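K.L.:
Sharing a structure here in structure tokens format.
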Amino acid sequence: MGFEGIGASVRRREDLRFLNGKGRYTDDLNRPGQLHAIVKRSDRPHARLVGIDAAAALAMDGVVAVYTGADLAADGVGGLPCGWQLHNKDGSPMAEPAHPVLAIGKVRHVGDPVALVVAGTRQQARDAAEALVISYADLPPVVGVRDAIVAGAASLHDEAPGNVCYDWQIGDKAGVDAAFAGAHRVVSLDLTNNRLVPNAMEPRAAIGDFDPFTGDHTLYTTSQNPHVIRLLMGAFVLHIPEHRLRVVAPDVGGGFGSKIYHYAEEALVTWAAGKLGRPVKWTSDRAEAFISDAHGRDHDSTAEMALDAQGNFLALRVRTLCNMGAYLSTFAPAVPTYLYATLLAGVYRTPLIHAEVKAVFTNTVPVDAYRGAGRPEASYLLERLVDVIARETGMDRVALRRRNFIPSDAYPYQTPVALQYDSGNHVMTLDAALAAADFDGFAARRAAAKAAGRLRGMGISTYLEACGIAPSAVVGSLGARAGLFEVANVRVNPTGSVTVFTGTHSHGQGHETTFAQLVADQLGVAFDQVDIVHGDTARIPFGMGTYGSRSLAVGGSAMVKAMDKIILKGSKIAAHLLEADVADIEFSQGQFRVKGTDRAKALAEVSLAAYVPHNYPLDELEPGLEETAFYDPKNFTFPGGCHVCEVELDPETGVVRVVNFVAVDDVGRVVNPMIVEGQVQGGVAQGIGQALLEAACYDAGGQLVSGSFMDYTMPRADCLPNITVGTESTMCTHNPLGAKGCGEVGAIGSPPAVVNAVIDALSDYGVRHMDMPLTPEKIWGIIQAGRPALAAE
Amino acid sequence: MPQVSLTVNGKRHSVEVEGRTLLVELLREKIGLTGTHVGCDTSQCGACVVQIDDKSVKSCTVLALQVDGASITTIEGLAAADGTLHPMQEMFREHHALQCGFCTPGMVMNAIDLVKTNPDGLTEEQIRHGLEGNLCRCTGYHNIVKAIAAAWPLMHGKKVPAAAE
Ligand code: FES
Ligand code: FES
């Protein structure tokens, strides 16, 4: 057994159960006496709900109940809450329309839940759902963001006149206007950020269970944050006090944001189980996932940069129209504002920035955070704009970036859009990425490709993001309705093994391994003596879950704080056992030692003394060795880096092949390099998917056209390259680990690198910009229409 | 209701099924082997791949009645009785070819077939092409490809080339 502490690529302990088919995902669980539920969903984008006739369904074999919005209302069930309140430019609060668990009066998107059918088997419930007779009176649908705000557009919610959720701004408008007025040159770009479907491979599922004798409700659910679900569902929807509600999120098959939110189905099965006195299980199928899991992105923006004659960025002006979908999902309002517009400085020292963001309701699935959440939209906008500036001013794209970088000695750096970056070194990651991608050899490769009749391009993106969310007081002042601290309970068991209870949740990140490494390292115990427990509100004191690349930076910091307390108490116990002054005790590698001597007690001896306190300072200390810490971060963390993409495209077909991808990221402290590399590769794959393949497409009638894996192009093994990952880290200065986070960098940095590469490959065709995804059809069209500027040569 | 008799991971089962019951439902719901997953409803994701008489098949695309008399191997049947992993399982672990683990059973079952049916060698391109029917949202496939390349020599009784280390 080699070194298994911080910095070692320890193989994952969770793999053994997954590789043997012994993972326990929600749909793998079954409760005794369990019933099955199917959610009947609207097939209309926008309609008045005239009536639901359940008579035929109720008469069918095995059917136990059919519930509608009226049944929930009669029981006082509340709507799904939104966790973030924004304010308009004029200071008034955003429009916050009701979000009923089952539709009441109206349906507002294809997939809107209309009824719950409960039966003995899933097939019986499905058959009965088919037999429900639902009468609708169709209303005109509002589909795209621009459709929502045209005069005379149909209105989704009475509470949101003109379909506007909020009209928000950040930054110094007057300053920006003045800078533009005096600028040497202005470069502007209109661009969209394509709507995506997260598509974790495990579809969502939920099982409600109820014990009528204790009054205890249990919900098993595919969640990234079981405590958040308990809080939202208990307090706002079902009015079940926390101590009567247990939420378990067992093994979860990927989340990428889509499993953060409190969804209707969780409340439905919990409520129905209570009503029926029997467990009720619901499992989404993929078609249902496409129209009920929150989507991501969907921006339409205009960006303008004011420049001086040397190419220095003077001011940035951004106007974005973003889609909330039909209702506000849990964190939706924050994504295109505080996770987007605050990132518009990127890695550049642009002194003045003003951004206006208007969010609208449309008859589409609600949109919320998807891997990166707001930051991919910001980095895409900036890095595309910078490339366009380079082209139009004739400056070299690398030199232009270097010229405008925030210098590494300027940290901590206050941006004009609220954030204060603590650390970073953009030249370092840029240089490393360019070297790894053999940037200098590109011209030769391009020439060789051209000789072979193919077009080769290279694109770079230098980006920064904000994660490790988040300082509670700061987000509270910005409208968050929750704290975003994290919790760890560290229990040293009597014989010296350690059980750690964490409020974060692992759904692919490998926390059971990484956190065990961290704890083994800090407490000097063997890796296999550390157990990590997550995903159950009955076992873990509290927690806010996993999203925003927060688990190590915030959750790991909570562990460090709890371990500090363990070491402090252990030192006192050891001082007693060693008859020494506590000030003379030092702890390292699992030993409490009297400084400068060989007199020491191992952690296991100290813990045994704590649980068998015969020789123990009982007048000063309680027995036991277990500590809890709540850690509230002091700031966001700011990972960043440089991604370089090289593509080759076939002018005959328009097919793009990514031939090389290099990501060099600054993620702060790395605990397990193998896991970090895997996180970045997965994120990059999703970014390449966004850039080249994926789009949630609605037709004008409000139907999701790309609503299955046959229509929605997921990245497959044969459309992705090998992904070279490097890390060049500066440490986060404000958390005890120096960790920044690595879960989202891949998805944030990569799309502009890919698009910049394709545009570069098409440079002879006079194309300035193309909106994602860059499908063969679009590229082929450009090639067919374009007159190569160099053809005459 | 009709009855199917089949062998799963060496164990015989006789189970009553509906005509519409899928093999994956039979495995998960009637036999209790939940290692085989369902990730889609259009036969696109491969999370459900099992081996029917040693050939990898998407078990969401087969009716239970079609496998009467067949011998099925699922992910649960790969490791030896003493827990020793199949070389493909071992290489997936060694090369960090799984994150959330949801696609993993289907990936591993398909990868084994891919290696077996290519005894003369497997290029990266062949591996990527062979994985076309399996979706993974977590890994970006990079490490899955590496794991399969590393399993090939082990399964064919060759030494692991240094490049796979
Ligand atoms: S579940 Fe069989 S291919 Fe997706
Ligand atoms: S490991 Fe999560 S889908 Fe492949």
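The values are calculated or read from the model by the stated rules, or taken from the named source; none is laboratory data. Just so it is clear, the structure is predicted and the values come from calculations on it, not from any experiment. Glycine also receives a Cβ, built like all others from the backbone with ideal geometry; neighbour counts cover every protein chain displayed. When the accessible area is computed, the model is the full protein with side chains, heavy atoms only, and any ligands, DNA or RNA have been set aside. Shrake-Rupley method; radii C 1.70, N 1.55, O 1.52, S 1.80 Å.
K.L.:
With n ≥ 4 as the cut-off for DSSP H runs, can you work out [θ] at 222 nm for the protein assembly as shown, using -39500 (n - 2.57) per run divided by the number of residues, rounded to the nearest 500?
P.N.:
Calculated from helices alone, the mean residue ellipticity at 222 nm is -7500 deg cm²/dmol.
K.L.:
Which residues, if any, in region B:76-102 have at least 30 Å² less accessible area in the whole protein complex than in the isolated chain, probe 1.4 Å?
P.N.:
Residues of region B:76-102 that lose at least 30 Å² of accessible area once the other chains are added: B:Glu76, B:Leu85, B:Gln89, B:Arg93, B:Glu94, B:His96, B:Leu98, B:Gln99, B:Cys100, B:Phe102.
K.L.:
Nearest 0.05, what FRET efficiency do B:Lys11 and A:Ser708 give at R0 = 30 Å with Cβ-Cβ as r?
P.N.:
Efficiency computed from Cβ-Cβ geometry: 0.30.
K.L.:
Tell me, what is the FRET efficiency for A:Leu58 and A:Arg31 to the nearest 0.05, using R0 = 22 angstrom and their Cβ-Cβ distance as r?
P.N.:
Using R0 = 22 Å, I get an efficiency of 0.40.
K.L.:
Residues of region B:87-160: accessible area per residue at 1.4 Å, in Å²?
P.N.:
With the other protein chains kept in place, region B:87-160 gives 32 Å² per residue.
K.L.:
Select from region A:10-46 all residues whose loss of accessible area on going from the chain by itself to the full protein assembly reaches 30 Å² or more (probe 1.4 Å).
P.N.:
Relative to the lone chain, where solvent access is computed with a 1.4 Å probe, region A:10-46 loses at least 30 Å² at A:Arg11, A:Arg12, A:Asp15, A:Leu16, A:Phe18, A:Leu19, A:Asn20, A:Gly21, A:Tyr25, A:Asp28.
K.L.:
Pop out the ³J(HN,Hα) list for region A:732-738 in order, Karplus 6.51 cos²θ - 1.76 cosθ + 1.60 with θ = phi - 60°, rounded to Hz; leave Gly and Pro as x.
P.N.:
After applying 6.51 cos²θ - 1.76 cosθ + 1.60, I find 4, 8, 10, 10, x, 8, x Hz.
K.L.:
When only the heavy atoms of the protein chains count and the probe is 1.4 Å, how do B:Glu25, A:Glu130, A:Glu96, A:Glu383 rank by accessible area, highest first?
P.N.:
Final ranking, largest accessible area leading: A:Glu130, A:Glu96, B:Glu25, A:Glu383.
K.L.:
Hey, if you drop one equal point scatterer on each alpha-carbon of region A:261-333 and run the Debye formula without solvent, what base-10 log of I(q)/I(0) do you get at q = 0.22 Å⁻¹?
P.N.:
With no solvent term, the Cα-only Debye profile gives -1.03.
K.L.:
Separation of region A:232-273 and region A:124-168 by C-alpha centroid, Å?
P.N.:
If you average the Cα positions of each part, the centres end up 25 Å apart.
K.L.:
Okay, moving on. At a probe radius of 1.4 Å, what is the per-residue accessible area of A:Glu652, in Å² to the nearest 10?
P.N.:
In the full protein context, A:Glu652 sits at about 140 Å².
K.L.:
Could you work out what % of the accessible surface of chain A is carbon and sulfur, using a 1.4 angstrom probe and leaving DNA, RNA and ligands out of the count?
P.N.:
Heavy-atom surface of chain A belonging to carbon and sulfur, 1.4 Å probe: 52 percent.
K.L.:
When the Debye formula is applied to the Cα atoms of region B:3-77, each taken as the same point scatterer, what base-10 log of I(q)/I(0) results at q = 0.15, 0.18, 0.19 Å⁻¹?
P.N.:
-0.40, -0.59, -0.66
K.L.:
Work out from phi, with θ = phi - 60° and the Karplus expression 6.51 cos²θ - 1.76 cosθ + 1.60, the ³J(HN,Hα) of each residue of region A:233-250, listed in order in whole Hz, and give x for Gly and Pro.
P.N.:
6, x, 7, 9, 9, 9, 6, 9, x, 3, 6, 10, 10, 10, 10, 10, 10, x
K.L.:
Could you order A:Asp760, A:Asp158, A:Asp665 by accessible surface area, starting with the largest, using a probe radius of 1.4 Å? Walk me through the intermediate numbers first.
P.N.:
On the way: A:Asp760 25, A:Asp158 150, A:Asp665 0 Å².
If we order A:Asp760, A:Asp158, A:Asp665 from most to least accessible, we get A:Asp158, A:Asp760, A:Asp665.
K.L.:
If you don't mind, there's one more thing I want to ask. When only the heavy atoms of the protein chains count and the probe is 1.4 Å, how do A:His243, A:His576, A:His507, B:His86 rank by accessible area, highest first?
P.N.:
Reading off the accessible areas and sorting them downward yields A:His243, A:His576, B:His86, A:His507.
K.L.:
Give me D for the protein assembly as shown in µm² s⁻¹, whole number, from Stokes-Einstein with Rh from the Kirkwood sum over alpha-carbon pairs, 4 °C and 1.567 mPa s.
P.N.:
D = 44 µm²/s.
K.L.:
Let me ask something else about it. If you project the alpha carbons of region A:181-241 onto their three principal axes, what span does each projection cover, largest first, in Å?
P.N.:
75, 30, 14
K.L.:
So how much accessible area does A:Glu622 have, in Å² to the nearest 10, using a 1.4 Å probe?
P.N.:
Number for this one is 140 Å².
K.L.:
Give the interface area between chains A and B as buried accessible surface, both sides summed, probe 1.4 Å, in Å² to the nearest 100.
P.N.:
4300 Å²
K.L.:
What does DSSP give for chain A in terms of the percent of beta bridges that are antiparallel, rounded to the nearest 5? List each step's numbers first, then the result.
P.N.:
Values: 102 of 129 bridges.
Restricted to chain A, the bridges split so that about 80 percent are antiparallel.
K.L.:
Could you give me the ³J(HN,Hα) list for region A:619-631, computed from phi with Karplus coefficients 6.51, -1.76, 1.60 and θ = phi - 60°, whole Hz, x at Gly and Pro?
P.N.:
With the stated coefficients, region A:619-631 comes to 6, 9, 10, 6, x, x, 9, 8, 9, 10, 10, 9, 10 Hz.
K.L.:
Here's a follow-up. For Cα pairs less than 8 Å apart in space and 6+ apart in sequence, what is the mean separation divided by the residue count of region A:580-731, i.e. the relative contact order in percent?
P.N.:
19 percent
K.L.:
Just to verify a number: FRET efficiency for A:Glu586 and A:Asn615, C-beta to C-beta distance, R0 = 30 Å, to 0.05? Spell out each step's value before the answer.
P.N.:
Working: r = 21 Å, r/R0 = 0.71.
Efficiency computed from Cβ-Cβ geometry: 0.90.
K.L.:
Can you give me the accessible area per residue for region B:3-77, using a 1.4 Å probe, in Å²?
P.N.:
40 Å²
K.L.:
Heavy-atom accessible area per residue, chain A, 1.4 Å probe: how many Å²?
P.N.:
Numbers: 26110 Å² over 793 residues.
On a per-residue basis, chain A sits at 33 Å².
K.L.:
For A:His239 and A:Ala309, compute 0.36 nm times the residue count separating them, minus their Cα-Cα distance, and round to one decimal in nm.
P.N.:
Taking 0.36 nm per residue and subtracting the Cα distance, the gain is 19.0 nm.
K.L.:
Something else about it: Give me the distance between the Cα centres of region A:373-409 and region A:418-435, rounded to whole Å.
P.N.:
If you average the Cα positions of each part, the centres end up 13 Å apart.
K.L.:
Given region B:87-160 reduced to its alpha-carbon atoms as identical point scatterers, what log10 I(q)/I(0) does the Debye formula return at q = 0.12, 0.13, 0.19 Å⁻¹?
P.N.:
-0.26, -0.30, -0.66
K.L.:
A further question on this structure: Got a number for the accessible area of A:Leu16? Probe 1.4 Å, square angstrom, nearest 10.
P.N.:
Around 90 Å² of this residue is reachable by solvent.
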